[in-house]
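Here is the structure we will look at, set down as structure tokens.
The values are calculated or read from the model by the stated rules, or taken from the named source; none is laboratory data. Please read these numbers as outputs of a predicted model, since none were measured by experiment. Here the Cβ positions follow ideal geometry from the backbone for every residue, glycine too, while neighbour counts run over all protein chains shown.
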Amino acid sequence: MTGISRRGFLQAGSLAVGVAASDRLWAGPGQDTEAPGVAPLAEFGYGDVFMASEPHEAQLRDTHAVLMALSDDSLLKPLRQMSGMPAPGEDLGGWYSYDPDYNYHKNFDAGFAPGCTFGQWVSALSRAYAISGDQATCDKVLRLNRLYAQTITADFYVKHRFPAYTYDKLLLGLLDSHTYVKDPLALTILEQTTNTALPHLPGHAVEHDVRWRMDKDEGDLSWTWDESYTMPENLFLAYQRGAGQRYYDLGLQYLDDETWFDPLSRNENVLSGRHAYSYVNSLSSAMMAYLVAGSEKHLRAARNAFAMLSEQSYATGGWGPDEMLRAPGSNDMYASLTDTHHSFETPCGSYAHFKLTRYLLRVTRDARYGDSMERMMYNTVLGVKPLQDNGDTFYYSDYNFDAKRVYKQARWPCCSGTLPQVATDYRINTYFHGPRAVYVNLYLPSTLRWIENGVALSLTQQGEYPYEDRVTFTVKSSQPTELTLHFRIPAWAEGASILVNGAQKRGLAQPGEFAAISREWKTGDRVELELPLKMRLQTIDSRHTDTVALLRGPLVLMAMKPRQEDPPPQVTREQLLSAKRISEREWQVSSSNGPTTMLPFTSIGDVPYTTYVKVG
Ligand SMILES: [Zn+2]
């Protein structure tokens, strides 16, 4: 299928000036999937990166403030109720609540997933502490872990629709408490958690929609929506962080091989019909099976699956309309532009996408995984509405021709668990560490500080990218030191160039690769990166070449419809490609029904919009 759709995209590209088919052309699955012969790049610590980008910092501040304001009693309430204990304090409501008579047919909001986000919030607070060193954050994590340890009982898992999902998140919260807050009890509480949960988990990966608790799921499908196939990632992580051999064995035990990773490793496209976020999330389990257990089969599975996913992604980088992965070559992505407003589950989807691409980038050093992270960051999760203290959460990005940017009706959904984690993780997505090497993956104002062979170094990047072409880097070093700095040159950045201390480095900046500069670096050294932000078009799929999104560099520019009833702009490709910049973050396209304002997702506010337009 891949060969067919690749040719399709190439043909689509040749039909019109400026249609960037190459945006979608991933290294063909099945090719180039040998395990690399070099050690994976390392992540930097949360505290090594100082972020100076306001939208990224605002998301961290906002989510952190919401979590800090939730009372301990409210956070523990559903866990206590389900364990038959006194449960004082305000009920948070929404998905977080416990309702023994919950019926999703009657009310999808209150009681769907009680306490599900507790572990993710402890994880996000722990990572935030690693960033800020804030004592109140540290105290809250330590307090919550102790209160939680007194609460958890088997009843919680017996009564829960999502025992594996919840265990997976609790596991990560405790691991991050151990690693970042240095909670001396975290691994002991983890052991207690695992002992309590295991008898109530399925014992192996059970696919979404498959019955495994025969006493529970009669006539209520929601009991079959657990996600045990995502567990190995955090189980392997637990082993890696010193929780013991048991977690390595459990990681292997829960790998979803037979119907998922095995066919993917043979490059069979088995994405169709699967729950989007959780199956993409499970690819991080495949990556940890490679990183921790050395399984090349699982690396192949993840690389192939990522290529398949790229082929069914929107121009924004999002995927999975109505939370479902689609058949290759189907009409589904095009149909989704009119059939649904639930186009991409944004906080959870981007969290899974960032983890997967981070693993893949570390292992392969392939710059295109970084391109993918960048595309998703600017066009999806960086533009979500802020998490509110009443539980209002941005869930779906809307790529319908009649789109709006709105909160989900249910409060405290899954996405309220992942958004705070996404917000802490921008730091670790931005820079990576190799032997005497740093890889700069994302371009956003920030400073990296680290020690290389006893030498204290810092690298500061500045600029208005992705609105301006130029990113400027300055080096500080306690003494001159040999080092290679790698800079990602996005695949779309034709004509990119690099200057080192004002001198042009010819032939170094190849689109789709990291440009490597090896030299003795000293304080005051300066690198300037020029990434030409040209306009281009990307089609929704190979069969609908007249349905396009306008891109400028990594940014999708969306067409505003000031009133919902406004007709879509009647434009040509040439009119789109000659969009005029009317302010720093605003463009205008002339169309036969008047001028249309084009804005990136981070700027659209509450104005109705469309991501794709039909060109005449
Ligand atoms: Zn979600």
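Please tell me if Ala410 is within 13 Å of the ligand (Cβ to nearest atom), assigned to a loop (DSSP other than H, G, I, E, B) and among the aliphatic types (A, V, I, L, M).
Against the criterion (within 13 Å of the ligand (Cβ to nearest atom), assigned to a loop (DSSP other than H, G, I, E, B) and among the aliphatic types (A, V, I, L, M)), Ala410 qualifies.
Suppose we keep only residues that are part of a loop (DSSP other than H, G, I, E, B) and touching a residue at least 40 places away in the same chain (Cβ under 8 Å) within the range 189-205. Which one would you say is nearest to Ala113 (Cα to Cα)?
Leu201
Report yes if some residue within the range 108-131 is without any contact (Cβ under 8 Å) to a residue 12 or more places away in the chain and either assigned by TED's automatic domain parsing to the domain that holds Glu227 or buried (at least 16 other Cβ atoms within 10 Å of the Cβ) (or both); otherwise report no.
So far as the range 108-131 goes, no, none of its residues is without any contact (Cβ under 8 Å) to a residue 12 or more places away in the chain and either assigned by TED's automatic domain parsing to the domain that holds Glu227 or buried (at least 16 other Cβ atoms within 10 Å of the Cβ) (or both).
Just to be sure, is Tyr359 within 12 Å of the ligand (Cβ to nearest atom), outside the structural domain of Thr117 (by TED's automatic domain parsing), buried (at least 22 other Cβ atoms within 10 Å of the Cβ) and closer than 24 Å to His433 by Cβ?
no
Does Phe306 satisfy being more than 16 Å from the ligand (Cβ to nearest atom), of a type in the set (Phe, Trp, Tyr) and not assigned by TED's automatic domain parsing to the domain that holds Asn441?
yes
Within the range 319-339, does at least one residue satisfy the condition of being in contact with a helix residue (DSSP H, G or I) (Cβ under 7 Å, 6 or more places away or on another chain), of a type in the set (Gly, Ala, Ser) and crowded, with 24+ Cβ neighbours inside 10 Å?
Yes, the range 319-339 has at least one match.
Take Thr430 and decide whether it is among the hydroxyl-bearing types (Ser, Thr, Tyr), more than 16 Å from the ligand (Cβ to nearest atom) and touching a residue at least 40 places away in the same chain (Cβ under 8 Å).
Answer is yes for this residue.
Residue-by-condition table, conditions (1) without any contact (Cβ under 8 Å) to a residue 60 or more places away in the chain; (2) among the aliphatic types (A, V, I, L, M); (3) not in a strand (DSSP E or B):
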residue: Asp389; (1), (2), (3): no, no, yes
residue: Asn400; (1), (2), (3): no, no, yes
residue: Ala423; (1), (2), (3): no, yes, yes
residue: Tyr439; (1), (2), (3): no, no, no
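Please specify each residue of the range 387-402 satisfying the condition of being within 16 Å of the ligand (Cβ to nearest atom) and either small (Gly, Ala, Ser) or touching a helix residue (DSSP H, G or I) at 6+ places or on another chain (Cβ under 8 Å) (or both).
Correct list: Leu387, Gln388, Gly391, Thr393, Phe394, Tyr395, Tyr396, Ser397.
In the range 261-274, what residues are farther than 18 Å from Gln312 by Cα and crowded, with 22+ Cβ neighbours inside 10 Å?
The answer is Phe261, Ser265.
Name every residue in the range 313-349 that is within 16 Å of the ligand (Cβ to nearest atom), assigned to a strand (DSSP E or B) and over 17 Å from Val406 (Cβ atoms), in order of residue number.
Scanning the range 313-349 gives Trp319, Met324.
Failed condition for Ser272, given (1) within 25 Å of Thr547 (Cα to Cα); (2) within 16 Å of the ligand (Cβ to nearest atom); (3) over 16 Å from the mean Cα position of the chain (by Cα), with all others met?
Of the numbered conditions (1) within 25 Å of Thr547 (Cα to Cα); (2) within 16 Å of the ligand (Cβ to nearest atom); (3) over 16 Å from the mean Cα position of the chain (by Cα), the odd one out for Ser272 is (2).
So for the range 363-371 (the condition being under 20 Å from Phe601 (Cβ atoms), of a type in the set (Val, Ile, Thr) and more than 14 Å from the ligand (Cβ to nearest atom)), does at least one residue qualify?
No, because not a single residue in the range 363-371 is under 20 Å from Phe601 (Cβ atoms), of a type in the set (Val, Ile, Thr) and more than 14 Å from the ligand (Cβ to nearest atom).
Would you confirm whether any residue within the range 565-584 is touching a residue at least 12 places away in the same chain (Cβ under 8 Å) and touching a Pro at 6+ places or on another chain (Cβ under 7 Å)?
There is no residue in the range 565-584 that is touching a residue at least 12 places away in the same chain (Cβ under 8 Å) and touching a Pro at 6+ places or on another chain (Cβ under 7 Å).
Let me spell it out: the conditions are (1) in a helix (DSSP H, G or I); (2) more than 30 Å from Pro184 (Cα to Cα); (3) more than 16 Å from the ligand (Cβ to nearest atom), and Ser278 meets all of them except one. Which number is the exception?
So the condition that Ser278 fails would be (3).
So, restricting to strands (runs of 3 or more DSSP E) that lie completely within the range 475-580, which ones have at least 3 residues that are loosely packed, with under 15 Cβ neighbours inside 10 Å?
513-521
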